[in-house]
Amino acid sequence: MTQNPVFRARAEIDLAALRANVRALRARAPRAALMAVVKSDAYGHGMVPCAKAALAAGAEWLGTATPEEALGLRAAGIGGRVMCWLWTPGGPWREAVEADLDVSVSGMWALREVTRAAEEAGRPARVQLKADTGLGRNGCQPADWAELVAAARAAEEAGTVRVTGLWSHFACADEPGHPSIAAQLAVFKDLVAYAEKEGIEPEVRHIANSPATLTLPESHFDLVRTGIAVYGISPSPELGTSADFGLRPVMTLKASVALVKRVPAGHGVSYGHHYVTGGETTLGLVPVGYADGIPRHASGRGPVLVGGEWRRVAGRVAMDQFVVDLGPEGDSVEEGAEAVLFGPGDRGEPTAQDWAEAADTIAYEIVTRIGARVPRVHLHEGDGTAPGEGPDDQ
Ligand SMILES: Cc1ncc(COP(=O)(O)O)c(C=O)c1O
């Protein structure tokens, strides 16, 4: 099949930038190993190529939410340490044990299921005990920790379980100085000390996500679990920009203008006519919509670089398309012209953070929601020979 050089839409994924981000993060946490979190299709960037690039740049671990995602990494031939943490009863425990995944256990039901699977598989499960140190989401409550630790120790004695990790997750690491940060760290240290006193010998203790990796060295322990920062996006503008942390956004979302037309003054634009042309003008049709992950909530606000200038979504974002007002002089833009919704930002284009602000959300949601209909095009795959990556450029 020949490729049409003019595409409807595509997400370019700069794997050289991803590798550089991993190296920058490792430099921030020099005494800890690094887990690249590749859940949710690597935050929308394409799980397998991103996982391979992260490993090539020195990540020692990969992390996913669901066991299916982790098994998908194994199916793609990716070895090494892979951890997954979001389990429901009846999950694929046996497949996980046989695939040598590290599985997270937050409660007695999960320990029972994984122990049974390990017995069936005839080999010990690699289990990481998760503590709820204050997030109030997944994880074992401190009051229930002694029971879980005792049962895990007993399973170790019986040869069905090896406790490889003790871990937790922050609630507010992206809010500098939030009192919960110190409180969670103190609880984590207590719960780890208790488990170790009871005879658990974890390979890794970990609590840091991207914001903690970037700003809280005291939280690094043995392993940091970085997601959004691997993809070059600052976890929170309050902490700093991507550039402040030496990170480069990995995804550039582009579409090709599908139609350019002159319309008279007073012309309604898109469903509901929430935008009406102020004078005779030129409209450009951008062929992506909320089915592609463009937030409808950014109607009237989302920024796009077209013909060298920032334009705003005119009227509503529809399922497959939206319109920009190119202005009275906009005829110079032609069908097929590039519309850049977001990218690293250094070629004049908006960033995912700009879209997050336009849609009252966070940049995490912008990149992870880009739909399956948008092809991911992976650039600088595999070889570490992109500009800046040669042996002399390291
Ligand atoms: C348990 C866990 N660890 C680490 C991460 C990575 O977080 P971030 O993308 O902020 O680095 C996530 C993502 O939400 C997570 O759920």
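Quick look at the numbers
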| quantity | calculated |
| --- | --- |
| Computed over the chain, Kirkwood Rh from alpha-carbon pairs, angstrom | 22.7 Å |
| Top of E365, E12, E120 by mean-square fluctuation, Gaussian network on the chain, Cα under 10 Å | E120 |
| 5 angstrom amide H check on V377, placed H, neighbours 5+ away | A11, E12, I13 |
| Mean accessible surface per residue for the stretch 251-379, computed with a 1.4 Å probe while every protein chain stays in place, in Å² | 44 Å² |
| Sulfur and carbon atoms: percent of accessible area, the chain [1.4 Å] | 51 percent |
| Listed residue (W355, T368, G345) projecting farthest to the positive dipole end of the stretch 251-379, Cβ model | T368 |
| Cα-based Lys proximity count in the stretch 31-231, under 23 Å, for pairs eight or more positions apart or on separate chains | 5 |
| The stretch 113-172, accessible area per residue, ligands and nucleic acids excluded (1.4 Å, Å²) | 39 Å² |
| 15 Å tail of the calculated P(r), the stretch 286-335, as % of Cα pairs | 40 percent |
| Convex hull of the stretch 251-379 built on C-alpha atoms - directionally averaged projected area, nm² | 7.3 nm² |
| Cα-projected label distance for K189 with T241, points at 7 Å along beta-carbon direction, nm | 3.6 nm |
| Structure-based [θ]222 nm, the chain - -39500 (n - 2.57) summed over DSSP H runs of at least 4, per residue, nearest 500 | -8500 deg cm²/dmol |
| Of every Cα-Cα pair in the stretch 31-231, the percent that sits beyond 22 Å | 45 percent |
| For the stretch 140-274, alpha-carbon Rg and Dmax in angstrom | 23.6, 80 |
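The values are calculated or read from the model by the stated rules, or taken from the named source; none is laboratory data. Please read these numbers as outputs of a predicted model, since none were measured by experiment. For neighbour counting, all protein chains shown are included, and Cβ atoms are generated from backbone atoms with ideal geometry for every residue, glycine included. Remember, those area values only see protein heavy atoms, side chains included, never the ligands or the DNA or RNA. Shrake-Rupley method; radii C 1.70, N 1.55, O 1.52, S 1.80 Å.
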